[in-house]
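Structure, as structure tokens:
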Amino acid sequence: MGVVLLLAVATCLGASAIDGFDFPDPETADRYQRLTTEFRCPKCLNESIASSGAPIAVDLRRTVRRLMEEGATDDAIRSHLQERYGDFVLYDPPFEPSTWFLWFSPVVLLLVVAWVLMRIARRDVARETESDDLARARRLLRDSG
Amino acid sequence: MNRAKLFVPVTVFGVLAIVLVLGFTLRDPKLLPSALVDKPFPGFDLPLLAGEPDARASRSNLLGEIRLVNVWATWCPTCLAEHGELMRIREKTGLSIVGISYKDDSRQARAWLKEYGDPYDFNIVDANGDLGVDLGVYGAPETFLVDAGGVIRYKHVGDVNPGVWKDELAPRIAALEASGDIPGGNAP
């Protein structure tokens, strides 16, 4: 158990220092950090390429780094990886017909819930008015009686 | 109105059941759709595994024939599992198979081919995985079907076994041949 923990810690430490890149300035380092957290590791599914220690993530980090050095814009780097690994690598899914369900379903769900709530509220109002009317009718009957 | 309400739970159940059943029938989430099908094979300039020490290969070496491009490594157990089928395909059909020795030790790779047989026309050494990134490779073995014009026509992730050959690769190769893309031909 202790060994496993030690190994895990060692792996994590390794991950933060893996690439051993020197950045010319903090802005570039921040940009690298931000970009690498934007991409999903194709092998490990639930990790970004920034946090994964998988060899493929190392390769992709190196690719991001190389493209940055070549002066690519953020968008160019995104499409570079997307062209090779598909939408899968983007944590921020693009807006296109195959992802409409993804983008619209929360809105549709919200509208349905709002509609149901409104109906319930309206019914309660109707019931209240009904009982008000009854009470008034009784009062009138009693008064006239 | 009240009667219609009775059907709400049934409807909810129905929709939920459909969604969940669809969830079961979806493909393996580990399989990524390939972004590279119908795109040209990426350019490269890399050493060859065998032959002269300074011999190199580039994209132009892939042109002129229908080929399987197989990404493999000695550290990959599934690659060993599919090796027999690659040997069989090569022997039986004469189809050109090109290997990409992916992030591997070249000496071990050569020893491996000596031990298990060599179905490859030639092997491209991708030591650091850069060609792999350009190919969208995320794990070996992966096999690309490349037409004579150097366009990727299909990608199979995982081992090539007789079923994969019969159902996925052979029909596509036959279709390419029928469309005039002759294996062994000189057409681009």
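The values are calculated or read from the model by the stated rules, or taken from the named source; none is laboratory data. Since this is a predicted model, take the numbers as computed values, not measurements. Every residue, glycine as well, gets a Cβ built from its backbone with ideal geometry; the counts of neighbours run over all protein chains shown.
Quick notes
- Helices (runs of 4 or more DSSP H) wholly inside region B:104-188 containing at least 2 residues that are under 20 Å from B:G64 (Cβ atoms), more than 14 Å from chain A (Cβ to nearest Cβ) and out of contact with any strand residue (DSSP E or B) (no Cβ under 9 Å at 6 or more places or on another chain): B:170-178
- Tally, over region B:93-128, of residues that are in contact with a Gly (Cβ under 9 Å, 6 or more places away or on another chain) and among the charged types (D, E, K, R): 4
- All conditions but one from (1) modelled with pLDDT of 90 or more; (2) loosely packed, with under 10 Cβ neighbours inside 10 Å apply to A:A114; the one that does not is (2).
- Elements of type strands (runs of 3 or more DSSP E) contained in region B:1-99, each with 1 or more residues being within 14 Å of chain A (Cβ to nearest Cβ) and β-branched (V, I, T): B:67-72
- Checklist (1) more than 24 Å from B:P42 (Cβ to Cβ); (2) modelled with pLDDT of 85 or more applied to A:G86, failing item: (1)
- Boolean, A:S79 is of a type in the set (G, A, S) and outside the structural domain of A:F23 (by TED's automatic domain parsing): no
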